[in-house]
Amino acid sequence: MNKVHLTAQVVECKPLRYTPAGIPVLELSLAHESELIEGGRSRRVEMLVNAVVVGDLAGRLEREALGRSIRIEGFLAPTRKGSSRLRLHIQQAAIAREGDESGPAGQPQV
């Protein structure tokens, strides 16, 4: 299974573009910080994640998400065929509420 749940702040939105078939595509940079337990010890995680949104959600995120924390669901895929670099493909997104660690279901949709 290839499924990612993540809360992150949208730190960059590239201009909305369209495929030759007219499908909207938005490329984002996301910043994530958390503290997790690994091997019985606390571990601080800070990372930047490149992400892409395809379809109607792209337009909504472009208008509403920059600078905000969002909860996303998606999957990882290579940036292009044969590449070892990965990019997060966002399938669902919701504005994160302070202190809420639940998934996008039940959240205000973007």
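Just so you know, in region 27-55 the residues that are among the β-branched types (Val, Ile, Thr) and surrounded by 11 or more Cβ atoms within 10 Å (Cβ to Cβ) include one that is nearest to residue 9 (Cα to Cα), and it is 49. Residue 58 meets the stated requirement of being within 30 Å of residue 21 (Cα to Cα), among the small types (Gly, Ala, Ser) and buried (at least 16 other Cβ atoms within 10 Å of the Cβ).
A quick yes/no check of all residues on (1) assigned to a loop (DSSP other than H, G, I, E, B); (2) among the polar types (S, T, N, Q); (3) in contact with a Gly (Cβ under 6 Å, 6 or more places away or on another chain):
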residue: 58; (1), (2), (3): no, no, no
residue: 67; (1), (2), (3): yes, no, no
residue: 70; (1), (2), (3): no, no, no
residue: 90; (1), (2), (3): no, no, yes
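Starting from residues that are of a type in the set (A, V, I, L, M, F, W, C) and in a strand (DSSP E or B), keep the ones in region 14-29 and report whichever is farthest from residue 55 (Cα to Cα). Filtering region 14-29 for residues that are of a type in the set (A, V, I, L, M, F, W, C) and in a strand (DSSP E or B), the one farthest from residue 55 (Cα to Cα) comes out as 28.
Note on region 72-88: among residues that are of a type in the set (Lys, Arg) and part of a loop (DSSP other than H, G, I, E, B), the one that is surrounded by the fewest Cβ atoms within 10 Å (Cβ to Cβ) is 81.
None of the figures in this text is laboratory data; all of them are computed from the coordinates on show. Only a predicted model underlies this, so the values are computations on that prediction, with no experimental measurement involved. Quick reminder, even Gly has a Cβ in these numbers, built from the backbone with ideal geometry, and neighbours come from all protein chains shown.
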